[in-house]
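Just below is one structure, and these are the notes that go with it.
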Amino acid sequence: MAYDVTRSDEEWALELNPQEFQVLRRAGTERAWTGALLDEKRTGVYRCRACRAELFSSDAKFDSHCGWPSFFTPLAGGSVELLEDRSLGMVRTEVRCARCGSHLGHVFDDAPQTPTGDRFCMNSVSLTFEPGEG
């Protein structure tokens, strides 16, 4: 897929700290229960840390007890893209920012308590939070 925001690995490495680069550009995962946005409860919007695209509303955030910020749906308008991920000997669905292709996390269909049944399990380090209207 062609992205609106493109940079070389060298350019991304200058913009992101090492942990952000590892997760966003190398599809790494931060340790569970360590993310700064896990317990964020304010109203607002979650953005891609790499390109600042709006991705999730606080209205869609829920406590999934998995150790990472979780949302039951992304913002409308194709803010994320979903890709099959066959790494680590399993089949999962990777979630990437549709604007820059950065890795955000994975989505699972194991949240029957939500309106969609989905759990978008995101790395805090992949996101920034902007307080305001959700």
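Overview of results
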| quantity | calculated |
| --- | --- |
| Residue check, Glu54 modelled with pLDDT of 95 or more, more than 26 Å from Glu10 (Cβ to Cβ) and charged (D, E, K, R) | yes |
| Neighbours by Cβ (under 9 Å, 6+ apart or cross-chain): first from segment 6-32, in contact (Cβ under 8 Å) with a residue 60 or more places away in the chain; second among the β-branched types (Val, Ile, Thr) and outside any loop (DSSP other than H, G, I, E, B) | Gln19/Val125; Glu20/Val125; Val23/Val125; Leu24/Val125; Gly28/Val125; Thr29/Val23; Glu30/Val23; Glu30/Val125 |
| Those residues of segment 109-129 which are part of a strand (DSSP E or B) and either of a type outside the set (Val, Ile, Thr) or at positive phi (or both), in sequence order | Arg119, Phe120, Cys121, Met122, Leu127, Phe129 |
| Subset of segment 63-79 that is surrounded by fewer than 16 Cβ atoms within 10 Å (Cβ to Cβ) and hydrophobic (A, V, I, L, M, F, W, C) - its residue that is modelled with the lowest pLDDT | Ala76 |
| All positions within segment 80-108 that are outside any strand (DSSP E or B) and modelled with pLDDT of 95 or more | Ala98, Arg99, Cys100, Gly101, Ser102 |
| Answer from Ser70, Ser79 - the residue that is free of Cβ contacts under 8 Å to residues at least 60 places away in the same chain, of a type in the set (Ser, Thr, Tyr) and closer than 16 Å to Ala32 by Cβ | Ser70 |
| Cross-chain or 6+ apart pairs with Cβ under 6 Å, segment 93-105 first and at positive phi, then surrounded by fewer than 21 Cβ atoms within 10 Å (Cβ to Cβ) | Gly101/Tyr3 |
| In segment 39-54, the residues that are of a type in the set (Lys, Arg), farther than 18 Å from Cys97 by Cα and in contact with a Phe, Trp or Tyr (Cβ under 9 Å, 6 or more places away or on another chain) | Arg42 |
| Residues located in segment 26-38, provided they are closer than 17 Å to Cys97 by Cα and over 12 Å from the mean Cα position of the chain (by Cα) | Arg26 |
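Residues checked against (1) of a type in the set (Gly, Ala, Ser); (2) under 19 Å from Glu94 (Cα atoms):
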residue: Leu37; (1), (2): no, no
residue: Cys48; (1), (2): no, yes
residue: Phe56; (1), (2): no, yes
residue: Asp59; (1), (2): no, no
residue: Gly67; (1), (2): yes, yes
residue: Phe71; (1), (2): no, yes
residue: Val80; (1), (2): no, yes
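Per-residue answers, yes or no, for (1) farther than 21 Å from Ala13 by Cβ; (2) surrounded by fewer than 18 Cβ atoms within 10 Å (Cβ to Cβ); (3) in contact with an Asp or Glu (Cβ under 9 Å, 6 or more places away or on another chain):
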{"site": "Gly28", "(1), (2), (3)": "no, yes, no"}
{"site": "Tyr46", "(1), (2), (3)": "yes, no, yes"}
{"site": "Leu83", "(1), (2), (3)": "yes, yes, yes"}
{"site": "Arg119", "(1), (2), (3)": "yes, no, yes"}
{"site": "Met122", "(1), (2), (3)": "yes, no, no"}
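The values are calculated or read from the model by the stated rules, or taken from the named source; none is laboratory data. Predicted model, so just to flag it, every value in this text is computed and none were measured. All Cβ positions, even for glycine, are placed from backbone atoms using ideal geometry, and neighbour counts span all protein chains on display.
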